[in-house]
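Structure first, commentary second.
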Amino acid sequence: VSYTIDTVRQLRHNEPLRAFTLLLGSDAALQIRTWHACETLLDEASFTIFSRPDVSMEAGELERLGFPPRRTQLVTLRTPPISARMVRERLAQGRPVDAFQVPAVAPYIHERGLYLPANRMG
């Protein structure tokens, strides 16, 4: 089991002189309140929120969700209708995801056993 807050803290520990930003689609940002230790994550991390198909957000909505204005950037762009959840679900079901990623990513996911049903994100 791996939680985003643990990853943020490990990165900060390993690379204390670097600044890291958590990249999220607006669909994932809307779910931030369901994430493990979300208050701590919102207090400690910086965020860049990207628009997703059919999910638009305003800066005020991000603030209401708890994203800190000084450490949150909202980026509007056209993105494909592919979500991390969709990729994880397909991989857990043993279905192909080749059309959803660049070729080098598939071996990395397979070698490390990522996104198997026992693994969790969030």
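The values are calculated or read from the model by the stated rules, or taken from the named source; none is laboratory data. What you are looking at is a predicted structure, and each value in this text was computed from that prediction instead of being measured. Cβ coordinates were reconstructed from backbone atoms using ideal geometry, including for glycine residues, and neighbour counts include every protein chain displayed. Please note that ligands, DNA and RNA were not included when accessible areas were found on the heavy atoms of the full protein model with its side chains. Shrake-Rupley method; radii C 1.70, N 1.55, O 1.52, S 1.80 Å.
Matching residues to (1) in a loop (DSSP other than H, G, I, E, B); (2) of a type outside the set (Ser, Thr, Tyr); (3) more than 13 Å from Leu22 (Cβ to Cβ):
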| residue | (1), (2), (3) |
| --- | --- |
| Glu39 | no, yes, yes |
| Leu42 | no, yes, no |
| Thr48 | no, no, no |
| Met57 | yes, yes, yes |
| Gly60 | no, yes, yes |
| Arg64 | no, yes, yes |
| Phe67 | yes, yes, no |
| Arg70 | no, yes, yes |
| Arg78 | yes, yes, yes |
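How many residues, within segment 11-62, are among the charged types (D, E, K, R) and touching a Lys or Arg at 6+ places or on another chain (Cβ under 7 Å)?
Total satisfying the criteria: 1.
If Met86 passes every condition in (1) hydrophobic (A, V, I, L, M, F, W, C); (2) surrounded by fewer than 16 Cβ atoms within 10 Å (Cβ to Cβ); (3) part of a strand (DSSP E or B) but one, which one does it miss?
For Met86, the exception is condition (3).
Only residues that are under 15 Å from Pro80 (Cβ atoms), of a type in the set (Val, Ile, Thr) and open to solvent by less than 80 Å² (accessible area, probe 1.4 Å): list them for segment 90-117, please.
Val97, Val105
Could you list all residues from segment 98-117 that are in a loop (DSSP other than H, G, I, E, B) and free of Cβ contacts under 8 Å to residues at least 12 places away in the same chain?
Val102, Pro103, Ala104, Gly113 - these are the residues of segment 98-117 that are in a loop (DSSP other than H, G, I, E, B) and free of Cβ contacts under 8 Å to residues at least 12 places away in the same chain.
Could you list all residues from segment 13-59 that are buried (at least 17 other Cβ atoms within 10 Å of the Cβ), of a type in the set (D, E, K, R) and more than 12 Å from the chain's Cα centre (by Cα)?
Arg52
Is it fair to say Pro69 is more than 13 Å from the chain's Cα centre (by Cα), closer than 27 Å to Leu114 by Cα and not basic (Lys, Arg)?
no
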